[in-house]
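J.: Mind having a look at this structure? Questions to follow.
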Amino acid sequence: MKVNTSKLTETTQGFCDIIDITAKVTAQVRDAEIKDGLVALFVTGSTAALTTIEHEPGLVQDLKELIEKLIPSDRRYHHDDRWGDDNGFSHLRASLFGPSLQIPIAHGRLALGTWQQIILLDFDNRPRTREIVVQLIGGRE
C-alpha cells in the first residue's frame, strides 16, 4: 500500500466561485500510478468546500442561486458583529458542504459518473488562493 500526499493550489474570485478541479486530481492519480485505492481531498480554510456536480453553466448557476436562497449574503450574521469581516455567510455555506471529499480509484481511474466532476467552492467575500490537500492511498497491483 502506498500513500502519497500533495497539494493543489487554485486562485479564486470568492463570492461562490465554483471551479472544476477534476482534471488536476485525475492527473495526480495518473502520475502516482495508483491502480486501486482512494483519493481523499481536503480544502484548508473555513470558507471553502468540496463536492461533486455536473459542471455545466446552467447547473452551476442553479447551484449559486440555491446557495444564495439558503444562506443569503446580504444579511447580517453574529460572526460579522464579532469579527467585522462580513463573511459570516461564507462560513455557514462552507460548513453546509464540508471541506473534504473521498473518491474511489478503480483500475487506475477515479470512480466518477459520466457527468460528475469534482468542484471547489469558494464562498469568501474576496479573492483567495486555496490549497487542497490531495492524499492518494492505494497500490499499483
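J.: Any idea how far the Cα center of the range 75-115 sits from the one of the range 16-57, in Å?
T.: Here the answer is 12 Å between Cα centres.
J.: If you don't mind, there's one more thing I want to ask. Just add up the charged neighbours of Y77: K/R +1, D/E -1, any other residue whose Cβ is under 15 Å from the Cβ of Y77.
T.: -3
J.: Can you give me the distance in nm between label points at V60 and T22, each placed 7 Å from the Cα along the Cα-to-Cβ direction?
T.: 1.3 nm
J.: Let me ask another. Between H78 and R126, how high is the FRET efficiency from 1/(1 + (r/R0)^6) when r is the Cβ-Cβ distance and R₀ = 22 Å? Nearest 0.05. Mind showing how you got there, number by number?
T.: On the way: r = 20 Å, r/R0 = 0.92.
So the FRET efficiency works out to roughly 0.65.
J.: Which order do L110, L96 fall in if you start with the one that has the fewest other Cβ atoms within 10 Å? Could you put the intermediate results ahead of the total?
T.: Values: L110 17, L96 14.
Listing L110, L96 from fewest to most nearby Cβ atoms yields L96, L110.
J.: Something else about it: Can you compute the charge dipole magnitude of the chain about its Cα centre, using +1 on each Lys and Arg Cβ and -1 on each Asp and Glu Cβ, nothing else charged? Give it in debye, rounded to the nearest 20.
T.: That gives a dipole near 400 debye.
J.: Follow-up question, since we're still on this one. Given the DSSP H assignment, sum -39500 (n - 2.57) over each helix run of at least 4 residues in the chain and divide by its residue total; what's the result at 222 nm in deg cm²/dmol, nearest 500? Intermediate results must be reported in sequence, preceding the final value.
T.: Numbers: 4 runs with 41 residues, N = 141.
My calculation for the chain gives -8500 deg cm²/dmol from helical runs alone.
J.: Efficiency by 1/(1 + (r/R0)^6): what FRET value for H107 and S46, r their Cβ-Cβ distance, R0 = 30 Å, to the nearest 0.05? Mind dumping the intermediate values first?
T.: Values: r = 36 Å, r/R0 = 1.19.
Efficiency computed from Cβ-Cβ geometry: 0.25.
J.: Something else about it: Can you tell me how much longer the chain between T114 and M1 gets when fully stretched, taken as 0.36 nm per residue apart minus their C-alpha distance, in nm with one decimal? Show your work: numbers first, answer last.
T.: Working: separation 113, 0.36 × 113 = 40.68 nm, distance 2.80 nm.
Taking T114 through M1 to full extension adds about 37.9 nm, to one decimal.
J.: Using Cα pairs under 8 angstrom and six or more residues apart, how large is the relative contact order of the chain, in percent? Let's see the in-between values first.
T.: Numbers: 289 pairs, mean separation 77.2, N = 141.
Worked out over the chain, it gives 55 percent.
Read-outs: derived from the displayed coordinates by stated rules, not from any lab. Since this is a predicted model, take the numbers as computed values, not measurements. We place every Cβ from the backbone using ideal geometry, glycine too, and count neighbours over all the protein chains shown.
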